[in-house]
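Asks: The following block contains the structure, expressed as structure tokens.
The values are calculated or read from the model by the stated rules, or taken from the named source; none is laboratory data. Bear in mind that the values here come from a model prediction, so they are computed numbers and not experimental data. These area figures cover heavy atoms from the full protein model, side chains too; ligands, DNA and RNA do not enter into them. Shrake-Rupley method; radii C 1.70, N 1.55, O 1.52, S 1.80 Å.
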Amino acid sequence: MTLDDLYSIADKSQISVHHTTLSDCASVSMRGHIAFDENKFTSYAEEKTCLAHELGHCITGSFYTVFSKFDIKSKHGHRADKWSILTLIPSEEYFKLTRSDNPPEIWELAEHFGVTEDLIKKAVYYYENQALSAI
């Protein structure tokens with residue numbers, strides 16, 4: 001999935017992505033809108049991962065206010081991350097790569113999927129715990 005694919009998802013979901021300058025963060029989302037500061041990213045993978053995360057908030061309806069308790073922020077952030085993982089790192093492809101005779105390193109998975117290493121680490125945790133709970 002490419003950055004353009006994410007913009008298409010936003011368009012089809014009637015979510016406006018506003019390119020703007022933000023002072024304190026790289027992006028923020030609210031119902032139907034994402035404010036996105038492209039100048040805050042140093043790589044394509046960072047930009048793609050961030051847009052997917054914000055789309056995850058919008059598509060799953062996982063919003064919080066700045067003044068929310070940590071557990072509420074965390075819960076909504078996890079929902080957005082899960083949407084990002086399922087969208088950018090499909091389970092079938094993930095398991096095909098990681099169950100091979102020569103499984104790739106985290107950085108290699110990140111390059112393969114075009115996402116950050118941080119998202120890959122979250123995906124490893126998510127998918128491996130899902131696989132264990134199926135046993």
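Asks: Filtering segment 99-131 down to residues that are open to solvent by less than 60 Å² (accessible area, probe 1.4 Å) and part of a loop (DSSP other than H, G, I, E, B), which residue is farthest from residue 81 (Cα to Cα)?
Replies: The extreme case among them is 100.
Asks: Step by step: first the residues of segment 31-90, then only those that are modelled with pLDDT under 90 and of a type in the set (Val, Ile, Thr), then the one that is most open to solvent (accessible area, probe 1.4 Å). Which residue is that?
Replies: Here the residue is 66.
Asks: Could you list, in sequence order, all residues of segment 1-30 that are open to solvent by 50 Å² or more (accessible area, probe 1.4 Å) and in a helix (DSSP H, G or I)?
Replies: Selection gives 4, 5, 7, 8, 11, 12.
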